1. Could you name every one of the helices (runs of 4 or more DSSP H) located completely within the stretch 120-200 that has at least 2 residues being at pLDDT below 95 and open to solvent by 10 Å² or more (accessible area, probe 1.4 Å)?
2. Val100 is checked against (1) of a type outside the set (Gly, Ala, Ser); (2) surrounded by fewer than 19 Cβ atoms within 10 Å (Cβ to Cβ); (3) in contact with a Leu (Cβ under 8 Å, 6 or more places away or on another chain) and fails just one. What number does that condition carry?
3. Residues to consider are Phe85, Phe45; find the one that is crowded, with 16+ Cβ neighbours inside 10 Å and at pLDDT below 95.
4. Residues His28, His36: which one is within 21 Å of the chain's Cα centre (by Cα), open to solvent by less than 10 Å² (accessible area, probe 1.4 Å) and either modelled with pLDDT under 95 or of a type in the set (Gly, Ala, Ser) (or both)?
5. Only one of these conditions is not met by Lys97: (1) closer than 24 Å to Ala166 by Cβ; (2) modelled with pLDDT of 95 or more. Which number is it?
6. Run Ala220 past the list (1) surrounded by fewer than 22 Cβ atoms within 10 Å (Cβ to Cβ); (2) farther than 23 Å from Pro329 by Cβ and report the number of the one that doesn't hold.
Amino acid sequence: MRQRRQFLFLIMEQFNYKDFTLQWHITHRCNLRCRHCYQEDYSAFESLTDAENILQQYCILLKTYGCNGRLNITGGEPLTHPHLFDLLHAARSKGIKTGVLTNGTLIGTWEARKLKACGVDYVQVSLDGTEKVHDAIRGKGNFEKAVNGICALRSQGIFTSVSFTAQNNNCRELKKLAAFCDDIGADKLWFDRVIIPEEEDSEKLTLSADSFRKLCRTAARLNRKGKVFCGRALQFIPCSSKLVYHCSAGENLLVVLASGDVMPCRRLPLIIGNIRETDLLTLHQNSSVMKKLRAIGIPQGCMACSYASLCRGGSKCVAYAKTGRFDIPDPDCILSE
């Protein structure tokens, strides 16, 4: 017993987290086929018992580390899964904060009420621009459906954020989208980048470093007006956001795919194992990839930067997609010009 207590103490020293996020893709099925989607299969956790086992593994990890849980359920499209509400309710009953990441098109009044009854803390809906641009990316008529979903969520008092995925064919839409989100009462608008390795990016969707930097400057002006949240990696630099973000891949984040595969981040395509073969806690502690990610610290090229201890090199997934390495600074950094 004494040895076990000493072992747990060593774990707590190494993994001193306040929160631990699990992004759970309960299904890869989706009612849309978006241009930038990286989904390659359409499997799902069919069995509620199977899904509950994963939730239990997550609870064991949280208890071991003594930290709070943040469960983000997504897909594919999570609203296509028959057990979504059961899982949200089960997680909430265990004291875990829950969020749903969705395209919004399947949310009406009934779904919003169910989400409210499950105690969901927030719902994130994707909008990739105003109507014409969004529909060009996600399919005709889907902008209106997503907006109706946002309105249904807000009518139930559910905190609703809008996610804007910046790519070459919509990066000029941010200002107009910010005004629109303000008009419909969305609680938050934030943005991120499409990240596709150059050899796979046949449509040239990924922003260049220069385009991303221009977008950050636009976002900074909107942030000062309270229109756009800029706490993500590198976005805080031009606007001096107080919520400085650093990449949590390898640390207090894990992703479980509908196939059971586990990754340090959905945008960092490195599979560290399968949850049906090895439990979450063991994968987090013992995976060689996770150990390498944790060992990076601050990249050498960032040491002289005043943001170094806070940013820690920016997004590892961007560095990996553009260079094949995750242990170097984010090549899109606005301070590297």
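The values are calculated or read from the model by the stated rules, or taken from the named source; none is laboratory data. Just so you know, these numbers come straight off a predicted model, no measurement behind them. For neighbour counting, all protein chains shown are included, and Cβ atoms are generated from backbone atoms with ideal geometry for every residue, glycine included. SASA here: full protein model, heavy atoms, side chains in, ligands and nucleic acids out. Shrake-Rupley method; radii C 1.70, N 1.55, O 1.52, S 1.80 Å.
1. It comes to 131-138.
2. (2)
3. Phe45
4. The match here is His28.
5. Lys97 satisfies every listed condition except (1).
6. Unmet condition: (2).
Conditions tested, residue by residue: (1) in contact with a Lys or Arg (Cβ under 7 Å, 6 or more places away or on another chain); (2) at pLDDT 95 or above; (3) open to solvent by 70 Å² or more (accessible area, probe 1.4 Å).
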| residue | (1), (2), (3) |
| --- | --- |
| Asn274 | no, yes, no |
| Thr282 | no, yes, no |
| Tyr307 | no, no, no |
| Gly313 | no, no, no |
| Gly324 | no, no, no |
| Pro329 | no, no, no |
| Leu335 | no, no, yes |
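Residue by residue, here is whether (1) of a type outside the set (A, V, I, L, M, F, W, C); (2) on the phi > 0 side of the Ramachandran plot; (3) touching a residue at least 12 places away in the same chain (Cβ under 8 Å) holds:
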| site | (1), (2), (3) |
| --- | --- |
| Ile96 | no, no, yes |
| Thr109 | yes, no, yes |
| Glu131 | yes, no, yes |
| Asn148 | yes, no, yes |
| Asn169 | yes, no, yes |
| Asp183 | yes, no, no |
| Trp190 | no, no, yes |
